[in-house]
Amino acid sequence: MVSDHAISQIEIRDLTARFTDAVNRRAPKELADLFTDDGEWHVPGVPVASGREAISAVLHSLLKNFARLVQLTHSGHIDVAGDTATATWYITENAEDADGNAFAFTGVYTDHLVRTESGWRFASRSFDFLHRTRPGSPARWYPHPRAEAS
């Protein structure tokens with residue numbers, strides 16, 4: 001028998017994969033539907049998007065900057081506590097603007113999730129850069145938002 005905890009882990013991993021899929025397919029409404037009605041999406045340099053309509057609009061606006069974009073979700077971990085959870089995921093994106101300029105970055109998502117009648121949804125999703133670069137330009141590195149002081 002599979003535990004509720006294990007089922008929650010699988011469902012949250014699927015939710016996260018659907019987020020990446022919606023970005024790659026340029027599907028803002030599908031991405032927004034992965035959030036709670038009052039969910040928030042935090043992206044550096046962009047005002048916080050609160051609510052599904054605003055989240056959809058932010059993705060639509062961000063995608064206008066790129067003729068091509070591929071997002072990949074890498075390792076992550078999930079901590080489930082009843083009907084809430086937190087998760088951390090590492091991602092990379094490679095993109096190209098309309099002029100053919102390439103962009104690449106690595107970052108981390110910090111998620112707060114809730115179980116709803118429709119399944120697990122993002123209550124908030126916050127992105128932080130860890131690294132970004134453009135070919136032919138110097139790379140810019142960022143500290144992990146929760147790194148221990150060295």
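The values are calculated or read from the model by the stated rules, or taken from the named source; none is laboratory data. Bear in mind the structure is a predicted one, so any value in this text is a computation, not a measurement. Neighbour counts run over all protein chains shown; Cβ positions are idealised from the backbone, glycine included. Accessible surface areas use protein heavy atoms only, side chains included; no ligands, DNA or RNA. Shrake-Rupley method; radii C 1.70, N 1.55, O 1.52, S 1.80 Å.
Please work out the Cα center distance from the range 53-74 to the range 16-46, rounded to the nearest Å.
Comparing the Cα centres of the range 53-74 and the range 16-46, I get a distance of 8 Å.
Contact order normalised by length for the range 1-116, with contacts defined as Cα pairs under 8 Å and 6 or more residues apart; what percent is it? If you can, show how the numbers build up before the last one.
Values: 168 pairs, mean separation 21.6, N = 116.
Reported as a whole number, the value is 19 percent.
Can you give the % of DSSP beta bridges in the chain that are antiparallel, to the nearest 5?
In the chain, approximately 90 percent of DSSP beta bridges are antiparallel ones.
For the range 1-32, which trypsin sites (Lys or Arg not before Pro) pass both filters: DSSP loop (anything but H, G, I, E, B) and at most 11 other C-beta atoms within 10 Å? Display every interim value, and only then the final one.
Values: sites: Arg13, Arg18, Arg25, Arg26, Lys29; in loops: Arg25, Arg26.
Taking the range 1-32 and a limit of 11 other Cβ atoms within 10 Å, the loop trypsin sites (Lys or Arg not before Pro) found are Arg25.
Can you send over the carbon and sulfur percentage of the accessible area for the chain, probe radius 1.4 Å, protein chains only?
Ligands and nucleic acids excluded, carbon and sulfur reach 53 percent.
Could you give the accessible area per residue of the chain, probe 1.4 Å, as a whole number in Å²?
Ligands and nucleic acids excluded, the result is 58 Å² per residue.
Quick one: grab the alpha carbon gyration tensor of the range 1-142, order the square roots of its eigenvalues as a ≥ b ≥ c, and give me rounded if a/c is under 1.5, else prolate or oblate depending on whether a/b is larger than b/c.
Prolate, because a/c is 1.5 or more and a/b exceeds b/c.
Between exposed GluC sites (Glu not before Pro) in the chain, where DSSP calls loop and at most 13 other Cβ atoms lie within 10 Å, what's the longest gap?
1-116
Which shape class applies to the range 40-88: rounded if a/c is under 1.5, otherwise prolate when a/b exceeds b/c and oblate if not, where a ≥ b ≥ c are the square roots of the Cα gyration tensor eigenvalues?
Oblate shape, in that a/c is at least 1.5 and b/c is the bigger or equal ratio.
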